[in-house]
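The values are calculated or read from the model by the stated rules, or taken from the named source; none is laboratory data. As the structure is a computational prediction, the values presented were derived from the model and not from experiment. FYI the Cβ positions are ideal-geometry reconstructions off the backbone, even for glycines, and counts take in every protein chain you see.
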Amino acid sequence: MYRIKISDVLQHGVPGTTITVMGWVRTKRGNKNVAFIALNDGSVINNLQIVFDLAR
């Protein structure tokens with residue numbers, strides 16, 4: 001598995017695949033069922049939103 005920049009993910013998209021991104025957490029929020037993390041790696045001003053289903 002190789003690292004993909006967030007700018008590439010936002011431009012081209014990779015639906016239905018497993019990818020590896022590295023960066024820092026800009027924000028995190030959620031409740032007992034779901035969590036949202038905004039991840040950034042500096043390659044673009046936009047963040048990548050990651051959603052976790054905590055109920056599973």
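Side notes on the structure shown:
- For the range 15-34, filtering for residues that are at pLDDT below 90 and loosely packed, with under 11 Cβ neighbours inside 10 Å leaves 5.
- Hits in the range 14-37 (condition: in a strand (DSSP E or B) and either farther than 23 Å from Tyr2 by Cβ or in contact with a His (Cβ under 7 Å, 6 or more places away or on another chain) (or both)): Arg26, Thr27, Lys28, Arg29, Gly30, Val34, Ala35, Phe36
- Pair list, Cβ < 8 Å and 6+ apart or interchain, from the range 33-48 residues that are under 18 Å from Gly13 (Cβ atoms) to residues that are assigned to a loop (DSSP other than H, G, I, E, B) and among the β-branched types (Val, Ile, Thr): Leu39/Val21; Asp41/Val21; Leu48/Val21
- Considering the range 35-56, and only residues there that are β-branched (Val, Ile, Thr) and surrounded by 11 or more Cβ atoms within 10 Å (Cβ to Cβ), the residue that is modelled with the highest pLDDT turns out to be Ile37.
- Close pairs (7 angstrom Cβ cut-off, 6 or more residues apart or separate chains): in contact (Cβ under 8 Å) with a residue 12 or more places away in the chain and within 17 Å of Ile45 (Cβ to Cβ) in the range 1-22, assigned to a loop (DSSP other than H, G, I, E, B) and among the aliphatic types (A, V, I, L, M) anywhere: Ile6/Val21; Ile6/Val44; Ser7/Val44; Val9/Ile19; Val9/Val21; Leu10/Val44; Val21/Ile4
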